[in-house]
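To start, the structure itself, in structure tokens.
The values are calculated or read from the model by the stated rules, or taken from the named source; none is laboratory data. Because the structure is predicted, anything quoted here is derived from the model rather than measured. Here the Cβ positions follow ideal geometry from the backbone for every residue, glycine too, while neighbour counts run over all protein chains shown. Areas reflect the complete protein model, heavy atoms only, side chains present, ligands, DNA and RNA absent. Shrake-Rupley method; radii C 1.70, N 1.55, O 1.52, S 1.80 Å.
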Amino acid sequence: MATVLVLTAHGDDMEFFAGGTIAKLCMLGHDVHLLMATDNTKGTFELSWDEMFGLRMREAQAAAKVLGLKSVSCLDYPDGELSDTPLNVLRGQFMEAVRRLRPEMVFTFDPWAPYEGHQDHRAVAWAAMEATSFSRFPLYYPEQLKAGLEPWLVPEMYYFAKSPVDTNRPVDISGEPVRKKIEALWCYDSQMVLTLREAQLQIESAPYDVPEITSLDPHDYREFIERRVLTTAAAVGKRYGFEHGEHFRRTRWGGTERLAAPGSVPADEW
Ligand SMILES: [Zn+2]
């Protein structure tokens with residue numbers, strides 16, 4: 001069984017971008033660990049900082065239980081300010097997690113994808129890509145080796161994005177995985193209220209109305225979120241012949257596949 005590490009900025013990032021795939025990996029018996037960089041304390045229109053700080057791990061742990069994660073942890077950087085953190089510091093913390101957990105697969109934001117407006121997502125993307133690219137080199141962050149960790153080569157990277165590019169790894173999440181994705185998202189109550197309220201504010205600023213959304217109480221988000229997830233997953237799935245799908249830009253084995261004898265590269269098993 002493989003070890004999988006997911007590096008994200010906020011609670012609900014993993015669930016929105018890869019929740020079905022992560023549910024599937026957990027169902028297959030793989031060990032999935034989630035490391036979030038920020039404390040999620042700015043994602044609200046109605047709660048205080050203290051209330052948000054108290055919720056961040058509770059919501060993440062409830063979602064982790066639905067998906068079947070092995071662990072969930074948080075670096076507690078202030079939400080929305082991650083690009084103020086020196087890149088080498090965040091890179092080092094991600095590298096420490098990689099060397100400690102020794103994952104065969106890492107999921108994170110794609111630093112090369114366009115149109116990413118959130119500075120926290122961009123900061124995680126660069127730090128995570130660099131951490132996993134250099135964790136195998138013993139002279140990078142040598143203090144980690146002195147502390148007992150060993151270099152580790154991450155064989156496979158799975159990148160996700162709002163506007164993904166060069167996707168080459170579709171995953172069929174039809175059935176239970178997509179249901180678990182929706183249920184896991186519902187666990188992030190504060191973030192789902194925010195997601196619906198944000199959609200309402202955008203519509204209210206537009207010269208039209210979408211009454212089935214603007215007429216909702218933002219706390220009554222379940223059907224809205226479910227519809228949004230299923231619509232997106234159906235559109236992705238249609239490209240690959242699945243009912244519901246997610247897809248990623250995957251890089252593996254440093255591109256050495258092209259050097260391998262024909263037929264010797266194993267097919268994807270999940
Ligand atoms: Zn986010």
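Charges on Cβ only, +1 for Lys and Arg, -1 for Asp and Glu, centred on the Cα centroid of the chain; of Leu139, Ala128, Met192, which one is farthest towards the dipole's positive end? The Cα lying farthest towards the positive end belongs to Leu139. Of the GluC sites (Glu not before Pro) found in region 1-69, the ones in coil according to DSSP and having at most 13 other Cβ atoms within 10 Å of their Cβ are Glu46.
Translational diffusion of region 47-95, estimated by Stokes-Einstein from the Kirkwood radius over alpha carbon pairs at 10 °C in a medium of 1.306 mPa s, is 125 µm² per second. Directionally averaged projected area (the chain, Cα convex hull): 15.6 nm².
For a straight C-alpha distance cut-off of 20 angstrom, the aspartates and glutamates reachable from Lys238 (same-chain residues fewer than eight places away being disregarded) are Asp166, Asp172, Glu176, Glu226, Glu246, Asp268.
For region 150-270, a Kirkwood radius taken over Cα pairs fed into Stokes-Einstein (25 °C, viscosity 0.890 mPa s) yields D = 142 µm²/s. By the rule of a C-alpha distance below 14 Å, with chain neighbours fewer than 8 residues away ignored, the aspartates and glutamates paired with Lys70 are Asp31. Only Cα pairs under 8 Å and 6+ residues apart enter the sum, and on that basis the relative contact order of the chain stands at 23 percent.
If you plug the beta carbon distance of Glu269 and Ser174 into 1/(1 + (r/R0)^6) with R0 = 25 Å, you get a FRET efficiency near 0.90. Put the Cα centre of region 74-102 next to the Cα centre of region 1-72 and the gap is 16 Å.
Label separation (Asp189 vs Ile203): 2.4 nm, computed from points 7 Å beyond Cα along the C-beta direction. Share of carbon and sulfur in the accessible area of region 41-160 stands at 57%, probe radius 1.4 Å. Treating r as the C-beta distance of Ser83 and His219 and R0 as 25 Å, the FRET efficiency rounds to 0.20.
Placing a pseudo-label 7 Å from each Cα along the Cα-to-Cβ vector at Ser73 and Lys42 gives an inter-label distance of 2.5 nm. Ligands, DNA and RNA left out, the accessible area of region 172-218 computed with a 1.4 Å probe is 52% carbon and sulfur. Within a straight-line Cα-Cα reach of under 21 Å, Lys65 can be paired with the following lysines, leaving aside sequence neighbours fewer than 8 residues apart in one chain: Lys24, Lys180, Lys181. On the beta carbon distance between Glu143 and Arg58, with R0 = 35 Å, the FRET formula returns roughly 0.60.
Over region 116-203, the hull volume per residue, using the convex hull of the C-alpha atoms, is 188 Å³.
Considering only Thr3, Ala37, Pro218, the residue lying farthest towards the positive end of the dipole of the chain is Thr3, judged by Cα position with unit charges set on Cβ. With the convex hull of the Cα atoms taken as the outline of region 42-144, the averaged projected area works out to 8.0 nm².
Over region 199-270, the Kirkwood radius and the radius of gyration, each from Cα atoms, give a ratio Rg/Rh of 1.26. Charge dipole of region 144-194 (Cα centre as origin; +1 on each Lys and Arg Cβ, -1 on each Asp and Glu Cβ, all else neutral): 100 debye, rounded to the nearest 20.
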